[in-house]
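Take a look at the structure below.
Quick note: the coordinates plus some simple rules give every number you see, no bench work behind them. Every value quoted in this text rests on a predicted model; they were computed, and no experiment measured them. All Cβ positions, even for glycine, are placed from backbone atoms using ideal geometry, and neighbour counts span all protein chains on display.
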Amino acid sequence: MMFQKKTRGILLSLIFIFITFFGIFLCLLPICQSKNLSIVEIFNYFLYSTITSPSGLAQTLMKTTPLLITSLGLCIAFKARVWNIGAEGQIAFGVIASLGTCLFLPLPGIIKIILAIVFSLLLGAAWGGVAGYLKSRWSVPEIPITLMQNFVALALMDFLIAGPWLSSQPGYAHTDPLPLDARLPYLAYPLNSSFLLGIILVPIVFWIMKRSVFGFQLKATGYNPIAANYGGINVKKIIVMSMFVSGGICALAGTSLVLGEFFFGVKGVTGNYGFYAIVSTLIARLDPKLTPFTSFFVALVLVGTNALTLKGIPGPFVHLSVGILFIGAVLIFLLEKVIESGGEKNV
Amino acid sequence: MYEPIVAILSMLPIYILGTNGELLSQLSGVYNIGIEGVMAFGAITAILSYNFVAPNLWISMLVGALGGVVFGVLNSILSIHFKLDQIVVGFGLWFFGIGLAGFIQTTFLGGAPPIERFSAVLFDLDPIFYLSIVIGIILWIIISKTSLGLTIKAVGENPRAADSLGINVNKVRWFCVLIGCALIGMSGAYLYMNYLQGFRTMVSGFGWMCFALVMFARWRVLNTFVGATVFSAIIGIQTRMQVAGIMILPVEFLSVLPHIAVIIVLVAACVTAKFGKSAMPSSLGTPYIKEAVY
Amino acid sequence: MFLNRERYISRKKEKRMMSSKNAEKILVIKGITKRFPGVIANDNINLEFRAGEVHAILGENGAGKTTLMNILYGLIQPDEGEIYFKGKKVVLKSPQDAIKLGIGMVHQHFMLVPTLEVWENVVLGLKTKTFLDKEKIRKKILEISNEYNLKIDPDAKIWQLSTGEKQRVEIIKMLYRGARVLILDEPTSMLTPQEVKELFVIVKRMAKRGLAVIPFITHKLEEVIQISDVVTVLRKGKVIGTVRTKDTNKGELAEMMVGRKVLFKVPRYRSKKGRIVLEVKNVSALSDKGIQILKNVSFSLRAGEILGIAGVAGNGQRELSEVITGLRKPTAGKVIILGEDVTGRDPKEIIEMGVGFIPEDRKKTGLVLDLSVAENLVLRNHFQYPFTKKPKFGFGKVLDYGEIIKFAEKLISDFQIITPNSTVPVGYLSGGNLQRVILARELSFNPKVLIACNPTAGLDVGATEFIRRKIMEQKRKGTGILLVSEDLNEVLSLSDRIAIIFEGKIMGTVSPKTKIEKIGQMMAGVELSRVE
């Protein structure tokens, strides 16, 4: 029974990939026709910009990094059925912590990097913990709260970047670039070692969720908080802790963006990863082992559809593709439900 | 002369329509977590109608409502018929709606086309303002004074009891979700006309303000008027200040005032709810399954 | 004057009805058969229900009562057989068809909307004018209320009513729709003895007015004797016999129900009582709604004894067990376990002291249905040795699934839990097995105190016997057991002492040999000192 479930999960993920690809290219057809583009050429370019060329692959992997880290963070919260929509804001705090540490602390590079990571964890955890506390103490619904927190966190980040931390160099609002010693080294340009940060987190989060007592308590709380409470699990504490850990990990995505990709602060650096990671987590069925693959796929869609603008496909097609991803996720859940009930339709 | 009052009330229809739409749906027991997507889709269909069907604002509003209904159908199929987790369904519709709207706007409309606003009829307020109040009152009458309203409340509170008396629980829920989403769609259309001129950001936040107001209003229509006025005042004043160039706070913080307001409203609603009976419809979020009979 | 005229007319109607009472067979069923996979739930049932008669249907769980009831009410259709209403053949495709004819059902678990008022619940679902005419509805309700002696306030909110009052609302709901046949599903299961007496008066009144009343009862033989004119006993889907109540007695009925001579006594083991393991001192607490649900409750429990808490559901039993197990903080008083004051401590600490808990609602509060059988078996002590170990790397504690599964398999065999293996989600198991899982889990660490709430509710005979036996065994091992049960017979047969709870107060603590009338009085609110 357990074994079946695992293969079924992978099968569903594959079906998801197929469906969304199909959906995306289905939507591309009319656009191509109206602009006299060949769908085959578009398809090839899509693959070229994402995986068939080394630069494309590197790009995709770079985009995978923040997605993967955030996705892992979300797995933890979602497992306890705490819907952390505030990842974007937690990433923002990671950015704030990293920029603050690396731009302004007079310390050797490696120390700054370590401190950036530590402070990101702390700020992200604290920010997420607020929502966790509100939920556990007063049952305040976390979805709108964490969402609103995003706006506040992003506003703070924008304010700092355009205000006190504004660079003396001309141009759109941005901070000074990071000193060279505070930057993570490249593995093979443009692929940065921040990618490894994501990879390292996979077994860590896996261990937390599947092996530790905390992970078991997360699971029980998510499935049935009442029974979990009777079983001696401190459900209120679990809810807060889940947001702590989730917020902290998501903030690390911000760290990776600053220390490994952008090397400076600018509005929009958080890139909506906080939202895109939601679909990655859902498709991975909250299983940390699957998140690298689902994150990679989401990144693929993002990079590919973005690259297609060079071929004449309008920019916001990216948004539409993301929308298709989300609908695909819902369809996969639907499919799973239909399979589970033995093919009978619920009335 | 009416300037300050207009500033306060100009955004009211957005909240009255949006909040009551969500309220109606939730009263029967179904969440509309995708409310932002519904608003976006309602807005985009209204714009499409204005540009391609007829440059008539009233028709646009109607089409916006129909756009909302489309998403309502999606929500109903997934949440009521297939009984999927309403939160996951909500996520899907939310981002799909936004993505679709943003894409259509840029592709077929070449950016954010200016769309005229309703012109003021009375006290510098446009007809939709008065319409939304009328709709709100009608909704209140229906819910508290008719047998339909009784049925809806029963379905949301104890669907099994309603079922035992011959009420088709799922049919009632479909109805509430569709009408509710129509209102939300209209709200989105009006929002676009009067406030947002483009889908710049991923998420506008207005939908969630309405969601928060439903809780704040304890699922009672009359209370939504109060909350709507408060939020409308915040937004209205903030917009006027930005336009006039009054910057008492850095622009970034000014723009998050409404979002902070939502947080405050939600926390206040939940803290005070702990004292006294919970007003939340008991079956909210739980799909109705007829028990096996043996 | 107007009112008197109404009463005069209705009394005349009554007299007319009484004369034709014995003649009218209002509901007749012939050859009713219903099959489900693997079982014949109803086997060729022939019955006649007369206007003005109270015709009880008696049978154990699984005898086919519920199926028959659902057929009469239109919820399911029979595979074979016919239903005749007032002489005409009818097909009931839904409860709405039944109600249109005049067949009404009063459910065991009330179908009421707690936040709405009485009158709103009564007209719910009726095709009325668009706008609710509250005055007209209230008037009609009061008319019915007067005619049948169903005292109720039409404006009260349901959640404010007592169980007896709620039942009256259910009855009024059916009478409002013009029911002439009333099916009652286990009507007395949730009532105090006093409320049961009131119900009997109401039923007799309805019969006098020419209604046919059909109570479906599981094993309250005494009540069947008191309330009915005719009794039909079902066993294994067949009608064993239909007799006039005055021509039979409890022993005969029981024998028909079970098929063999039944002993009404249960063998009991007397044990030496040890030290006090649980003391509840002057505990008061508030319910979720903020009402005072426990008022100055005090009692003590010794090792090796079973203290039964008897009472009708909703008198504070659930909150009492929540206070003892740490899930609810009392507003006053102390809970002392094994000599230590544990008032207000977390459930985790209380579990660690060796307190076992079998909750009322096994699916909602006792188990996590999505987790495996094994995981549920260690739910309470998963954080303790030997289920955790120091991980090879990392910090903190990690679960040792090897040990967990080993432990689970032993319990599965000891407690005869029927499951393919220990890794399936526990939600796949049947009711009786779910309870065995909970029991196994709670007894596995040999608790010093065990709180058991309705441990055998809804279970078949086999599972019930097994659970009661295990509870007795545990008593022999020296555990102090608090048996909180709404099944008075269970409390009487297992307990060494009984404390009766009413509206959050302990009315008295007595021996199980006490006369049942006295216990009934206490359950209805009379304190021990004032019982006659």
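For a Förster distance of 45 Å, can you work out the FRET efficiency between the beta-carbons of residue B:148 and residue B:240, rounded to the nearest 0.05? Working shown, then result.
Working: r = 40 Å, r/R0 = 0.90.
Efficiency computed from Cβ-Cβ geometry: 0.65.
Given a 10 angstrom Cα cut-off, can you work out which residue in B:265, B:89, B:134 is the most mobile in a GNM of chain B? Its mean-square fluctuation being the largest, the pick is B:134. Our note on the geometry: Cα centres of segment A:228-284 and segment C:415-492, 43 Å apart. Multiplying the residue separation of residue C:243 and residue C:276 by 0.36 nm and removing their Cα-Cα distance gives an extension gain of 6.8 nm.
Among A:27, A:102, C:453, A:32, a tally of other beta-carbon atoms within 10 Å of each Cβ gives an order, fewest to most, of A:27, A:32, C:453, A:102.
Look at the stretch A:216-226: the mean tally of other chain Cβ atoms within 10 Å of its residues' Cβ atoms is 5.
Rounded to the nearest 0.05, what FRET efficiency do residue C:364 and residue C:313 give with R0 = 22 Å and r taken as the Cβ-Cβ distance? Could you check?
Working: r = 16 Å, r/R0 = 0.71.
Working from the Cβ atoms, E equals 0.90.
Comparing B:244, B:279, B:228 in a Gaussian network model of chain B, where Cα atoms under 10 Å apart are tied by springs, the biggest mean-square fluctuation is seen for B:244.
Can you check what the net charge comes to around residue C:321, using other residues whose Cβ is under 12 Å from the Cβ of residue C:321 (Lys, Arg +1; Asp, Glu -1)?
Values: positive: C:318, C:328; negative: C:319, C:322, C:360, C:361.
Here the count lands on -2.
Placing a label point 7 Å from the Cα of residue B:290 along the Cα-to-Cβ direction, the residues of segment C:77-101 with a backbone N closer than 13 Å are C:77, C:93-97.
Can you put B:81, A:319 in order of Cβ neighbours within 10 angstrom, beginning with the fewest? Display every interim value, and only then the final one.
Details: B:81 14, A:319 24.
So the residues, fewest neighbours to most, are B:81, A:319.
Among the residues of B:161-172, the average count of other protein chain beta-carbon atoms within 10 Å of the residue beta-carbon is 5. In this simple spin-label approximation, residue C:477 and residue C:200 carry label points 7 Å from Cα along the Cα→Cβ vector, and these lie 4.3 nm apart. Under 10 Å, Cα contacts only: if you run a Gaussian network model on chain B, which one of B:32, B:223, B:20 comes out with the highest mean-square fluctuation? Top of the fluctuation ranking is B:223. Ordering B:270, B:210, B:57 by Cα displacement along the dipole of chain B toward the positive end leaves B:270 in first place; charges were set at the Cβ atoms of Lys, Arg (+1) and Asp, Glu (-1).
Between 0 and 90 degrees, the angle of helix C:2-20 with respect to the longest Cα principal axis of chain C falls at about 90 degrees. Placing a label point 7 Å from the Cα of residue B:260 along the Cα-to-Cβ direction, the residues of segment A:151-174 whose backbone N falls under 15 Å of that point are A:151-160.
Legend: mean number of C-beta atoms from other chains within 10 angstrom of residue C-beta atoms, peptide C:116-129, equals 4.
Order by neighbour count: C:375, C:223, fewest other Cβ atoms within 10 Å first, most last. The partial results should precede the final answer.
Values: C:375 26, C:223 19.
Exposure proxy ranking, most exposed first: C:223, C:375.
For residue A:309 and residue C:421, what is the calculated FRET efficiency with R₀ set at 56 Å and r taken between the beta-carbons, to the nearest 0.05? Provide the component values of the computation, followed by the final result.
On the way: r = 54 Å, r/R0 = 0.97.
Taking R0 as 56 Å, the efficiency between residue A:309 and residue C:421 is 0.55.
Greater than 31 Å separation of Cα atoms is the criterion. Which listed pairs, B:145/C:89; C:410/C:448; C:89/C:166; C:250/C:470; B:290/C:410, meet it? Correct reply: B:145/C:89; C:89/C:166; B:290/C:410. What pairs from C:334/C:363; C:157/C:475; A:337/C:363; C:65/C:129; C:34/C:513; C:220/C:505 go past 32 Å between their alpha carbons? In this structure, C:157/C:475; C:65/C:129; C:34/C:513 exceed 32 Å between Cα atoms.
Going 7 Å from the Cα of residue A:200 in the Cα-to-Cβ direction, what parts of segment A:282-302 have a backbone nitrogen less than 19 Å from that spot? Residues A:289, A:292 fall inside that zone.
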